[in-house]
1. From the list L32, L88, L23, which residue is more than 20 Å from M1 (Cβ to Cβ) and out of contact with any helix residue (DSSP H, G or I) (no Cβ under 7 Å at 6 or more places or on another chain)?
2. Pairs only if they're at least six apart or on different chains, beta carbon under 7 angstrom, first in the stretch 1-21 and more than 13 Å from S65 (Cα to Cα) and in a strand (DSSP E or B), second open to solvent by 60 Å² or more (accessible area, probe 1.4 Å) and of a type outside the set (D, E); list them, first residue then second.
3. Pairs only if they're at least six apart or on different chains, beta carbon under 7 angstrom, first in the stretch 73-89 and farther than 15 Å from D100 by Cα, second of a type outside the set (V, I, T) and open to solvent by 30 Å² or more (accessible area, probe 1.4 Å); list them, first residue then second.
4. Taking E22 as meeting all but one of (1) exposed (fewer than 14 other Cβ atoms within 10 Å of the Cβ); (2) at pLDDT 95 or above, write down the number of the exception.
5. So, of the residues in the stretch 61-72 that are surrounded by fewer than 22 Cβ atoms within 10 Å (Cβ to Cβ) and closer than 13 Å to L4 by Cβ, which turns out to be farthest from the chain's Cα centre (by Cα)?
6. Using the structure shown, decide if S52 is more than 25 Å from V106 (Cβ to Cβ) and either open to solvent by 60 Å² or more (accessible area, probe 1.4 Å) or not polar (S, T, N, Q) (or both).
7. Specify which of the listed residues (V110, V79, V89, V58) is assigned to a loop (DSSP other than H, G, I, E, B), β-branched (V, I, T), crowded, with 18+ Cβ neighbours inside 10 Å and in contact with a strand residue (DSSP E or B) (Cβ under 9 Å, 6 or more places away or on another chain).
8. Take the stretch 63-77 and flag every residue that is closer than 16 Å to V106 by Cβ and touching an Asp or Glu at 6+ places or on another chain (Cβ under 8 Å).
Amino acid sequence: MTYLAAFDGGSRFVDHAELARELEKDWKPSRLVRTPPGGCGEHTRPVDFTFSRGGKEVEGHTFDSGTCLYLDGDADLVVEFVAWYRKLVPSEFDLIFCDDSYSFDVVVPVGATGSDVMAMWDNA
């Protein structure tokens, strides 16, 4: 299933280089591809990655704006990642986590854990 983690930051965003550095440090992706700005046209995937833990895998990529992250993979690992990603999002903005059909959406608060995100999702 595909999930989204997004925020409306106006002119604020998660820097693609910072995201790539933090991914390499904390998630040790098996695949990490960075596309330079304007490198592949209007709708690039500036950071495209795959990582796995405990036999589960997640694929993800950013949108050009740096305010939206697409994730596809096991829900347990996705919510852990979303909680981690929340630390990169400026705290004054709500991070919205939802699936691609918008059958649920939750606001991920600063300091949330993967278990917190899963519980909010279960109660949405």
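The values are calculated or read from the model by the stated rules, or taken from the named source; none is laboratory data. All of these numbers come straight from a predicted model, not from anything done at the bench. Ideal geometry is used to build each Cβ from the backbone, glycine not excepted, and the neighbour counts take in all protein chains shown. What goes into the accessible areas is simple: the full protein's heavy atoms, side chains included, and nothing from ligands, DNA or RNA. Shrake-Rupley method; radii C 1.70, N 1.55, O 1.52, S 1.80 Å.
1. Just one listed residue meets the conditions, L23.
2. T2/Y70; L4/Y70
3. As it stands, the answer is D76/K56; L77/R53; L77/K56; A83/D116; W84/D26; L88/E18; L88/E22, since those pairs meet every condition given.
4. Every condition holds for E22 apart from (1).
5. It comes out as S65.
6. Considered against the rule, which asks whether it is more than 25 Å from V106 (Cβ to Cβ) and either open to solvent by 60 Å² or more (accessible area, probe 1.4 Å) or not polar (S, T, N, Q) (or both), S52 comes out as no.
7. Checking each option against the conditions leaves just V89.
8. L71, the sole residue that qualifies.
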